[in-house]
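Working notes, structure below.
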Amino acid sequence: MHDRRFLADLGSRQVSQPPPRARRRGGGLRVGGVAVLAELGPEQIAISPSVTRFFTASKIGGITSCLSSRSAARTAASECSTMALSRTALISFGGHTDETPVSSCAALTFLGLPPSWIDMTEPDGVLPARVMVTGGSGFLGGALVARLGRRGTRHVCVPRSAEHDLRDPAATRALFERERPELVFHLAARVGGIGANARSPGTFFHDNMVIGLNVLEQARRAGTHKVVIAGTVCAYPKHTPVPFREDDLWNGYPEETNAPYGIAKKALLVMAQAYRQEFGSNFVMVFPANLYGPGDNFDLETSHVIPALIRKLVDATARGEREVVLWGDGTPTREFLHVDDAARGLILAATRYDGAAPVNLGVGQEIAIRELAGKIAAAVRYQGVIRWDAGRPNGQPRRCLDVTRARIDLGFEASTSLDVGLAQTIQWYRDRVGGTR
Ligand SMILES: NC(=O)c1ccc[n+]([C@@H]2O[C@H](COP(=O)([O-])OP(=O)(O)OC[C@H]3O[C@@H](n4cnc5c(N)ncnc54)[C@H](OP(=O)(O)O)[C@@H]3O)[C@@H](O)[C@H]2O)c1
């Protein structure tokens, strides 16, 4: 049997301690992975053809398999496990937009290892030179653009609504004709919490519909190779088995307060699939869970649940208030994905996924709002009482995504725990509003 502990050890070393030499060379974990492997001297390495030369040049022996396809990966994986090797490392490094990373995912899944393991040894794959991020100035877009910058993506176009209102077909057309992006992350949207959705359902429907229509149509006309579209968990039916599976997206009407927003987003999935069928467009769509993290929107009129709770509880603590009133009865559950994890999921969707089927992006865990409020209250040391205003809407009773498809097809696993992410977000808010809070 292959030695899983060895693999786990190898993985954790690569994540926590990429050798300094690797960092200096600018090769990141790619070189780091090689250095660690060289040091440990595994008896067998199954790698992708893209790096065979690299390994050979690095004088690392033991290359016995090249993975050129999903089936080859499965074969290699099966050989590894049946050959009773005690030190087998199954590696695929990034550097290709072909199915190499997918084959690594398949192989790892076959071995019963977490796909996140490959992320320790490979960058998230190669992106084309000309990238556009609609909504790149927003919460998720900002995290994505920052991540793209860290990866060295040189040309990232971030159209702003003031100059390029994507509700306007002519403005959208002019933008695409000028930029000719090879890859588009389509994140631009009218976004808000329950209150904002309830106040302006027509605007939420109209803007999200028309922005999506314009962007996808102009991407097609401009010959954009790929578009990664951000959907939303709000697209799911109000009552559907938990965790939400992608196949259940159409099995019911969404929760009423966010249905116009959710349905407008879900219509883009139909458009993407129809364009794929008729025009061969490579438009893929992910459905992220509720996002949170540093940089979130803390405006109580439009914010989502985590920034709203943080703001109310941090401010109440600073003012010594004895009572905080929160919306609903605290019983609904939600799933929260850190914005940096979501940004990474989008990049993986760009580099590893070309399917028509939607993919959930989440952590696969839910938490009751009451418990969440308790966590935040404890983190900010709020001493008062939390009162629940049951006259306010609860929203959807439960929300939690099935993340199996993301794990298998994207090799995606969220890496930020809720406790760590909340601490970061609270700190970010405190830094913005002043040290006294
Ligand atoms: N936040 C969440 O919890 C969450 C969860 C699941 C999915 N999502 C999805 O993730 C995406 C980003 O959400 P977010 O929270 O980052 O939103 P956000 O912070 O509100 O940012 C919205 C972005 O959309 C752009 N935009 C809005 N209207 C536009 C228009 N008419 N023309 C051009 N650009 C326009 C804005 O650009 P300007 O700044 O230039 O106006 C801004 O960059 C959305 O598609 C959303 O549905 C979000």
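Values quoted throughout were computed directly from the atomic coordinates according to the rules given, and no laboratory measurement underlies them. Small disclaimer: the values here were computed from a predicted structure and weren't measured. Heads up, the Cβs are rebuilt from the backbone with ideal geometry, glycines too, and the neighbour counts pull from every protein chain shown.
When region 210-247 is filtered for residues that are more than 16 Å from the ligand (Cβ to nearest atom), over 13 Å from residue 133 (Cα atoms) and among the charged types (D, E, K, R), the ones remaining, listed by number, are 220, 221, 238, 245, 247. Among residues of region 145-158 that are at negative phi, those with a beta-carbon under 6 Å from a residue that is of a type in the set (Asp, Glu) at least six positions away or on a different chain give the pairs 157/179. Within region 192-202, does at least one residue satisfy the condition of being in a loop (DSSP other than H, G, I, E, B) and within 12 Å of the ligand (Cβ to nearest atom)? Scanning region 192-202, I find at least one residue that is in a loop (DSSP other than H, G, I, E, B) and within 12 Å of the ligand (Cβ to nearest atom), so the answer is yes. Among the residues of this structure, residue 297 counts as one that is part of a loop (DSSP other than H, G, I, E, B), within 16 Å of the ligand (Cβ to nearest atom), of a type outside the set (Lys, Arg) and in contact (Cβ under 8 Å) with a residue 60 or more places away in the chain.
For region 409-423, the tally of residues that are within 19 Å of residue 369 (Cα to Cα) and surrounded by fewer than 16 Cβ atoms within 10 Å (Cβ to Cβ) stands at 4. Scanning region 265-294 for residues that are assigned to a loop (DSSP other than H, G, I, E, B) and either more than 9 Å from the ligand (Cβ to nearest atom) or on the phi > 0 side of the Ramachandran plot (or both) turns up 280, 281, 293, 294.
Name the single residue, out of those in region 300-309 being surrounded by fewer than 23 Cβ atoms within 10 Å (Cβ to Cβ) and either without any contact (Cβ under 8 Å) to a residue 60 or more places away in the chain or closer than 19 Å to residue 342 by Cα (or both), that is farthest from the ligand (Cβ to nearest atom). For region 300-309, the residue satisfying everything is 300.
With respect to (1) surrounded by fewer than 19 Cβ atoms within 10 Å (Cβ to Cβ); (2) within 13 Å of the ligand (Cβ to nearest atom); (3) assigned to a loop (DSSP other than H, G, I, E, B), the lone exception for residue 166 is condition (1). Kindly evaluate residue 283 against the criterion of being aromatic (Phe, Trp, Tyr) and surrounded by 21 or more Cβ atoms within 10 Å (Cβ to Cβ). So residue 283 passes the test. Scanning region 169-191 for residues that are away from the ligand (no atom under 13 Å from the Cβ) and either closer than 24 Å to residue 287 by Cα or part of a loop (DSSP other than H, G, I, E, B) (or both) yields a total of 4. The condition of being among the β-branched types (Val, Ile, Thr), closer than 22 Å to residue 267 by Cα and touching a residue at least 12 places away in the same chain (Cβ under 8 Å) holds for residue 203.
Here 146, 188 are screened, and the one residue that is under 17 Å from the mean Cα position of the chain (by Cα), within 21 Å of residue 296 (Cα to Cα) and surrounded by fewer than 17 Cβ atoms within 10 Å (Cβ to Cβ) is 146.
Those strands (runs of 3 or more DSSP E) of region 310-388 in which at least 2 residues are within 16 Å of the ligand (Cβ to nearest atom) and not basic (Lys, Arg), considering only elements entirely within it, cover 336-338, 359-361.
Which members of region 356-379 meet the condition of being buried (at least 20 other Cβ atoms within 10 Å of the Cβ) and over 25 Å from the mean Cα position of the chain (by Cα)? Across region 356-379, the qualifying residue is only 377.
Filter region 149-159 down to the residues that are surrounded by fewer than 12 Cβ atoms within 10 Å (Cβ to Cβ) and not small (Gly, Ala, Ser), then identify the one that is farthest from the ligand (Cβ to nearest atom). Out of the qualifying residues, it is 154.
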